[in-house]
1. With labels modelled as points extended 7 Å from the Cα through the Cβ direction, what inter-label distance (nm, one decimal) is found for A407 paired with R282?
2. Taking K and R as +1 and D and E as -1, what net charge do the other residues with C-beta under 10 Å from the C-beta of T122 add up to?
3. Residue separation times 0.36 nm, minus the C-alpha to C-alpha distance between E10 and D32: what's the value?
4. Report the extension gain between D318 and D392 in nm, rounded to one decimal, defined as 0.36 nm multiplied by the number of residues separating them, less their alpha carbon distance.
5. Classify region 188-236 as rounded, prolate or oblate, taking a ≥ b ≥ c as the square roots of the eigenvalues of its Cα gyration tensor: rounded when a/c is under 1.5, otherwise prolate if a/b is larger than b/c and oblate if not.
6. Taking only the Cα atoms of the chain, how large is their convex hull per residue, in Å³?
7. Run through region 14-118 and list the GluC sites (Glu not before Pro) located in a DSSP loop whose Cβ has at most 15 other Cβ atoms within 10 Å.
8. Once the other residues with Cβ under 10 Å from the Cβ of T239 are scored (Lys, Arg +1; Asp, Glu -1), what is the net sum?
Amino acid sequence: MTTSLPVLLEHKRDGGRYAAEEIEAFVRAVVDGRASRAQAAAWLAFAYVRGLDDGETAALTRAMATSGRMLSWEGLDGPFVDKHSTGGVGDKVSLVLAPLWAELGRRVPMVSGRGLGHTGGTLDKLEAIPGYRCDLEPGRLRRILEDVGCFVNGQTDAVAPADRILYALRNETGTVPSIPLITASILSKKLAEGISDLVLDVKVGSGAFMPDLDAARALARSIVRVGRDAKLRVRALITDMDQPLGQAVGNALEVREAVDALKGEGPDDLVACTLALAGDDRAGALLASGAAFERFRRMVAAHGGDPESLDRLGRTTDGIAVVEVRADRSGFLQRCDALGVGRAAFALGAGRSRASDAVHPDVGVVLERKRGDPVAAGEVLARVHHAGRELDTALACVRAACVVGDAPPGPVPLVRDVVDLAI
Ligand code: URA
């Protein structure tokens, strides 16, 4: 690199624009360890505050995607498709959609992430299944894709390692909700996966990184634009995250609910979100038939997990106690605030504030009532599954999140908008 890292940092600190080579040099230095954690964190903070334009975002995406191996599925029949969410509370759609798509004849090479802030991560959920490995190497992933039709793995040193490093640092430094950084993070993984089609679930609302519709649209457009320039067919749905998706929030609890959905017994909003993203007229009947559950079991086994454990997961286990939160008056649930419930699960240990923190697989919150439901005084609104950590904080968060009022709230559509290639 001709420019030293400190000079590169000063350039963005002072509001400058990066050339593509400067961004590539920074990403290389992050991956090969020449950039210290402090320098990488400062770079993220300056990019967060000063912003990156479309050209810089595209360069960052390319540099991160090519920081490891670009997977290729030559010799296998496609289409190769994937879905990614910008992050929410109770969002277990990937666990349902990957096997569902595989059942519909698509191949789904899914590279997912861990929880960020108060939001859950697909990998943390899958690791609640005893034995499930998210760090498989490309040769084994290819065999799973060939035999099963879908895998859900993490970023390893082989695939988009720059994102693995920067993603964890963003989580520690308050630099997550940035449109260019989210765009590059998501698309770098997806470009490295060797897919042709991507459906994006951009979450909007209190539990999302984009709290309002304008910001969510801006993020969706950024990802669609940068993805299209990289020759990926991208469609984005903007979906509601003002309340959690489904009833379960917390790793094993969410796997349990995903299993219910795969058996045709999932909660309505989880099923509706999955089908909207699936974009296939046959998906509803297939999901209701329970056929995709067997595909999920095979994927779990191929990743080293124990499929027999799936029917036990999320049931109260040793060391876990359950506390009920009850309504103190009758009426309708006006709010079931996703951020509050996400914070409760986080306090209980379902999420992490440092990359090296372990998450607790069994803690979380199960919502017995959702927005708009009628409620009688004394009825259970939610059950808090805890392991003795920060119970008071979690209970306070859940109580504040569940607001009972006299009248039912107005309806909020699950799919708020669609952004496709025609922008
Ligand atoms: N999902 C990702 O992969 N990256 C982000 O930055 C946010 C959500």
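1. 4.7 nm
2. Charge balance in the 10 Å sphere: -1.
3. That works out to 5.8 nm of additional length.
4. Full-extension gain reported as 24.6 nm.
5. prolate
6. 135 Å³
7. Those satisfying the criteria are E74.
8. Residues close to T239 contribute a combined charge of -3.
Computed from the coordinates by the stated procedures, all read-outs in this text should not be read as laboratory data. Source: prediction; values computed, not measured. Counting neighbours? That spans all protein chains shown, and the Cβs are built from the backbone with ideal geometry, glycine included.
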